[in-house]
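Here is the structure we will look at.
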Amino acid sequence: MTSLNVLKVTNLTRQVTDAHLREVFGHFGDVTQVDLAVDATVGLSRGYAVVALASRADFWRTQWTTHMQASSITFERVSSGGGGVGGGGGGGG
């Protein structure tokens, strides 16, 4: 996953699924990948994900639009070398 068009999304509810994220971010452009952190024990979201968009324009449109709305989720661009949410250990949001 290239980091140029990738968002780390946090403060997600436990009920969020890959399909939910594809639907929400799909309003801004082509979602190429969703990597949702899931608790393997209970099978529910751990509250954060990485979402990749097809183009840089889609990425910036998402940033601008979301900052203009009152939203409970937060996100930031993944820095170079960043990628998925990883396997077992990582922290949550």
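Just a few scattered comments:
- Pair list, Cβ < 7 Å and 6+ apart or interchain, from region 5-19 residues that are more than 18 Å from residue 59 (Cα to Cα) to residues that are open to solvent by 70 Å² or more (accessible area, probe 1.4 Å): 11/72
- The set of residues from region 28-42 being over 11 Å from residue 53 (Cβ atoms) and of a type outside the set (A, V, I, L, M, F, W, C) comprises 35, 39, 41.
- Leading residue by the ranking (farthest from the chain's Cα centre (by Cα)) among those in region 1-46 that are acidic (Asp, Glu) and open to solvent by 50 Å² or more (accessible area, probe 1.4 Å): 30
- Selection status of residue 58, at pLDDT 90 or above and either charged (D, E, K, R) or exposed (fewer than 15 other Cβ atoms within 10 Å of the Cβ) (or both): no
The values are calculated or read from the model by the stated rules, or taken from the named source; none is laboratory data. Here the structure is a predicted model, which is why all the values come from computation and not from measurement. Glycine gets a Cβ as well: all are built from the backbone with ideal geometry, and neighbour counts include every protein chain shown. These area figures cover heavy atoms from the full protein model, side chains too; ligands, DNA and RNA do not enter into them. Shrake-Rupley method; radii C 1.70, N 1.55, O 1.52, S 1.80 Å.
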